[in-house]
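Presented below is the structure to which this report refers.
The values are calculated or read from the model by the stated rules, or taken from the named source; none is laboratory data. Bear in mind that the values here come from a model prediction, so they are computed numbers and not experimental data. Note that each Cβ is placed from the backbone with ideal geometry, even for glycine, and that neighbours are counted across all protein chains shown. The area values use the complete protein model at the heavy-atom level, side chains included, leaving out ligands, DNA and RNA. Shrake-Rupley method; radii C 1.70, N 1.55, O 1.52, S 1.80 Å.
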Amino acid sequence: MCGIFGISGNDDVFKDLYQGLLSIQHRGQDSAGAITYDGRFHTKKGNGLVRDIFSLDNFMRLKGSVGIGHTRYPTIGGGGGEDAQPFFVNSPFGIIMAHNGNVINYAELNKILQEQYHRHISSDNDVEIILNIFAQELSVQKINRIEPKNIFRAVQKVYEQVKGGYSVVAYIAEEGMVAFRDPYGIKPLVYGKKEDGIYPSYAIASESVSLNITNFAHIKNVKPGQVIFIDEKRQLHTEQLAQRHFSPCLFEWVYFARPDSYIDNVNVYDCRVNLGKFLAEEIKKHHLDIDVIVPVPDSARDAAIEIARCLKLKYREALVKNRYIGRTFIMPADQDRVSSVRHKLNPIPSELKGKNVLLVDDSIVRGNTSRAIIELIRECGAKKVYFASYSPPLRYPCVYGIDMQTKSEFIARDATVDQIAKKIGADKVIYQSLESLKKAVQIGNKDINQFCGACFDGCYPTGDVTAEVLEAIERDRKTAQKKQLELDI
Ligand code: SF4
């Protein structure tokens, strides 16, 4: 999971780029970066949060009416500074690119790039693969100026070669901005327009919230398999290059996206309220004696309020979050997650002592975070602790860009619900069903009739995720984790 944001405008864009990146900080806290263009490229990238990476000096230095920014959570790469995006190639034209997603056939394409095209990759980041394939396919067209058809041809070639889930934004020096979404539309991508000069300004983002706060309107989704090209006169050219079964990532609505964003026209907040409503129905079936409903902040709040309303039970925010510590799910090394729960959440004992508590969270991934939270609640004197997850059990690795790629990491992998409860120390665990999760999204957009829910049911929409692919990704992941641990020591 990463966040991307690009602007092609009339004035210097870095101020808006910075605000846009802050709004998608939740999509990745490992590193961030931005490149702007005013006749030459200006770059600033590094490890850490957006506010820590960019200084006042960068506001002066990152000049230009075009720019691309990125917030990164590492997937294949170990997360070194060299993996921060955007990336740059100087031939042809000079191209910068950032992406959100994961390339499944990374090793195969890396080999082809080196052996056939003599293009060399300088990081572990898979956007470099997409960038170099795109650059190569532009280069073979032997053109001096770019027309939309040249872009469409190059992106078509990317679609033919690059397997996985990816949303991409790029800028080609003096030619224009390009954005495209994989043929299954697994990762979100939106664009919007602002009439603020002779030509309109355009912005492209992972989430609509970035466009809202920078005053871009007329927001549209980039469709699966669609490419958009904004030329230097800010004329918009679009082409539908590939058409597969649209399969957006279900986890965007569960956890990744901000509640004020619309993902494929479905408001994330509304969806989470619907998830609360459906989960309340499930909880009713268990006839539990619950005194108080407590959300695990922040993502579970919207669903938990709805559960409390439906069940007519007391709702209390009895876990207080330190907002200045990163999201636990997206911290790379596992031991960081356990200790960060202690630093991040502090309970209010008076709301918990002697009570039967129903904790609500968005999901249970590895179980370490849930176990640590339940321990905290029990230390406050709670009588019983029930745990409700408003997403179904996570059992399968995500190959499309989320850091939960080794199957041994899932607590629900080979366990019954009762066994999971025992492992995390809960008196009962209740999960949302996959049908209810899909229904909660479809209430907002009836046209979505298929999803990527592979981490729940093991059905990978791209159809090319074989056992060998899963094993190779698991191997890469373990190597990356080992590398990270060595660095940590
Ligand atoms: S496997 Fe899960 S997290 Fe990954 S893209 Fe599919 S739904 Fe999203």
Residue 233: which lysines have alpha carbons under 16 Å from its alpha carbon, excluding same-chain residues fewer than 8 sequence positions away? 193, 194
Förster radius 25 Å - calculated FRET efficiency between residue 321 and residue 379 (Cβ-Cβ, nearest 0.05): 0.90
Any chance you could look up the accessible area of residue 108 with a 1.4 Å probe, heavy atoms only, rounded to 10 Å²? 100
Apply the Karplus curve 6.51 cos²θ - 1.76 cosθ + 1.60, θ = phi - 60°, to the phi angles in the range 28-34 and return the couplings in whole Hz, x for Gly and Pro. x, 10, 7, 7, 8, x, 8
For the range 1-90, take every pair of Cα atoms, bin their distances at 10 Å starting from 0, and report each bin as a whole percent. 20, 54, 24, 2
Determine the shape class of the range 16-144: with a ≥ b ≥ c the square roots of the Cα gyration tensor eigenvalues, call it rounded for a/c under 1.5, and otherwise prolate if a/b is greater than b/c, oblate otherwise. oblate
Modelled FRET efficiency - R0 25 Å, residue 237 with residue 196, Cβ distances, 0.05 increments: 0.75
Contour minus Cα-Cα distance for residue 457 and residue 142 (0.36 nm per residue): 108.8 nm
Would you please give the residues with an amide H less than 5 Å from that of residue 452, counting only those at least 5 places away or on a separate chain, with H modeled from the backbone geometry? 249, 250
Inter-centroid distance (Cα atoms) of the range 428-448 relative to the range 199-227, Å: 26
Which distance in Å, rounded to a whole number, links the C-alpha centroids of the range 32-67 and the range 277-304? 43
Put one equal scatterer on each alpha carbon of the range 193-319, apply the Debye formula with no solvent term, and list log10 I(q)/I(0) at q = 0.10, 0.15, 0.18, 0.22 1/Å to two decimals. -0.48, -0.81, -0.99, -1.25
Calculated Rg and Dmax of the chain using C-alpha coordinates, Å: 22.6, 75
Nearest 0.05, what FRET efficiency do residue 218 and residue 428 give at R0 = 56 Å with Cβ-Cβ as r? 0.70
Write down the Kirkwood hydrodynamic radius of the range 178-254, to one decimal in angstroms, obtained as one divided by the mean of 1/r over all alpha carbon pairs. 13.1
What fraction, in whole percent, of alpha-carbon pairs in the range 71-195 exceed 24 Å separation? 23
Fully extended contour minus Cα-Cα distance, from residue 60 to residue 450, at 0.36 nm per residue: 135.8 nm
So, for the range 1-116, what is the accessible surface per residue at a probe of 1.4 Å, expressed in square angstrom? 34
List the pair-distance distribution P(r) of the range 96-165, using every Cα-Cα distance, as the percent of pairs falling in each 5 Å bin from 0 up to the bin containing the longest distance, rounded to whole percents. 3, 17, 29, 26, 16, 8, 1
Heavy-atom accessible surface of the chain: percent carbon and sulfur, 1.4 Å: 48
Residues with amide H under 5 Å of residue 164's amide H, sequence separation 5 or more or different chain, H placed in the peptide plane at 1.01 Å from N; which? 104
Over all alpha-carbon pairs of the range 354-473, lay out the pair-distance distribution in 10 Å bins, whole %, shortest bin first. 13, 38, 30, 15, 3, 0
Only bridges whose two residues both fall in the chain count here: according to DSSP, what percent of them are antiparallel, nearest 5? 80
Within the range 190-213, list the residues whose amide N lies under 18 Å from a label point set 7 Å along Cα→Cβ of residue 10. 192-204
What number, rounded to the nearest 500 deg cm²/dmol, is the helix-based mean residue ellipticity at 222 nm of the chain, given -39500 (n - 2.57) per DSSP H run of at least four residues and division by all its residues? -9500 deg cm²/dmol
Within the range 383-405, what residues put their amide N at less than 18 Å from the label point 7 Å along the Cα-to-Cβ vector of residue 467? 396-397
For the range 154-301, accessible area per residue (1.4 Å probe, heavy atoms of protein chains only), Å²: 34
